């Protein structure tokens with residue numbers, strides 16, 4: 001009996017062991033990449049670069065149209081040959097350019113003014129929640145610490161829902177994971193970031209995963225149903241739209257998408273509307289929440305930086321039109337605020353995995369090394385952002401003042417290698433929305449509140465990297481200033 005089991009195990013594992021041995025032999029003795037310098041064990045992986053010249057070749061505008069996304073991104077889409085592509089996951093370069101062009105104007109910097117009222121409404125509610133959780137002055141009982149990672153995601157989710165539908169999902173209202181959306185999204189990212197490495201398994205594992213999750217138990221299913229409900233209501237009670245002023249008055253994404261669908265239902269079909277709104281909800285919260293958490297953590301760790309930022313905010317307070325909310329335009333006139341945000345995103349970019357691309361046919365020379373066509377290459381922004389040849393001798397130090405560098409050539413180089421939202425033709429389409437949410441909220445936080453680590457749990461914060469580097473257990477005590 002035991003002999004039969006051993007034979008069965010040998011039958012199952014022998015092909016895998018044989019394949020591994022062949023791969024090792026190929027990588028060491030035959031592979032055209034065997035001469036690329038680096039750690040020996042790196043030969044058995046895809047290639048990732050820490051070289052100041054690499055990013056400009058792989059991602060830069062004018063060249064990014066040659067390096068397509070790798071098969072890793074297939075795990076972020078439905079594995080159906082007839083399924084419509086998404087802006088994020090589509091690999092074909094021309095198809096991506098055509099798809100992105102349909103959405104580009106609604107995410108442009110010029111469109112931000114039409115979303116500011118939505119952000120203000122959520123910022124006001126977020127402020128209210130912080131005051132409810134704050135330590136009561138003179139009280140002997142300290143308030144329980146607040147999980148800021150969770151609350152920042154509540155804020156980001158409700159902002160993107162307001163911007164998309166003119167309706168909150170209720171995260172800030174109730175302080176809970178509505179319909180298990182956060183957990184479902186984190187589970188999906190955990191799946192995609194692992195299965196993407198072996199993307200050929202995606203069609204099989206996707207079906208298995210969905211079977212175990214169950215249709216009714218998926219928060220992502222809730223988002224899709226919510227989007228379809230909003231679309232139906234909008235069709236029943238359409239909002240008037242002035243196309244000439246769509247970027248200057250309060251107007252959500254659904255209104256803009258629906259208007260385009262009605263004007264040109266062939267180009268802007270129903271899928272265009274559903275995909276645009278759904279993508280906002282599934283991709284539009286994590287980046288902002290992570291970046292806000294990182295910024296607050298760096299400010300708490302560097303009190304002198306916080307004092308400088310508070311001073312700048314106070315100097316601008318007397319000149320703002322709204323005593324509560326700073327307009328996005330007003331925040332652009334706060335150079336230290338911009339430097340703080342930029343430095344936080346440099347040291348804690350939201351994406352923690354390499355942005356994989358495929359070397360085009362004919363090969364390419366990158367950082368002095370030739371790579372044949374079909375090679376998977378990429379750069380991890382966590383590595384790129386601490387390169388001392390770019391960011392100076394203290395690249396791991398949080399120092400916003402580095403962005404006031406007098407040497408224009410040095411500053412230009414740092415800006416070229418600052419890639420928290422990606423680079424080139426595949427830069428994150430929603431980056432301006434995330435910047436809007438951060439720039440408007442952070443001045444309110446440092447103006448109205450002080451944050452302290454609870455002594456008993458200061459070192460309990462951790463992160464999980466499922467594509468995004470998400471904080472867990474970032475708990476603070478809040479004091480009203």
Inset, instruction - Order by neighbour count: 229, 237, fewest other Cβ atoms within 10 Å first, most last. - result: 237, 229
Inset, instruction - With a 10 Å radius around each residue's Cβ, average the other Cβ atoms per peptide and rank 80-90, 371-381, highest first. - result: 371-381, 80-90
Inset, instruction - Nearest 5 is fine: what % of DSSP beta bridges in segment 32-480 come out antiparallel, could you say? - result: 95
Inset, instruction - For helix 303-317, report the angle its Cα long axis makes with the longest principal axis of the Cα atoms of the chain; keep it between 0 and 90° and round to the nearest 10°. - result: 50
Legend entry - Geometric extent, Cα atoms of segment 331-481 - Rg, Dmax (angstrom): 18.4, 61
Inset, instruction - Could you sort 359-365, 403-409, 284-290, 420-426 so that the peptide with the highest average Cβ count within 10 Å comes first and the rest follow in order? - result: 284-290, 420-426, 359-365, 403-409
Legend entry - Relative contact order %, the chain, counting alpha carbon pairs below 8 Å whose residues are six or more apart: 24
Legend entry - Likely footprinting exposure, 184, 389, fewest C-beta neighbours within 10 Å first: 389, 184
Inset, instruction - With Cα Rg over 2.2 N^0.38 Å defined as stated, name the option among (1) 1.13; (2) 1.68; (3) 1.05 computed from the structure displayed. - result: (3)
Legend entry - Principal-axis tilt of helix 148-165 within the chain, Cα atoms, nearest 10 degrees: 90
Inset, instruction - Two decimals is fine: what's Rg over Rh for segment 161-210, C-alpha atoms, Kirkwood radius as Rh? - result: 1.16
Legend entry - Cα long-axis angle, helix 219-236 against the chain (0 to 90 degrees, to the nearest 10): 60
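None of the figures in this text is laboratory data; all of them are computed from the coordinates on show. The model shown is predicted, which means the values in this text are computed figures rather than measured ones. In this analysis, Cβ positions are derived from the backbone assuming ideal geometry, glycine residues included, and neighbour counts consider all displayed protein chains.
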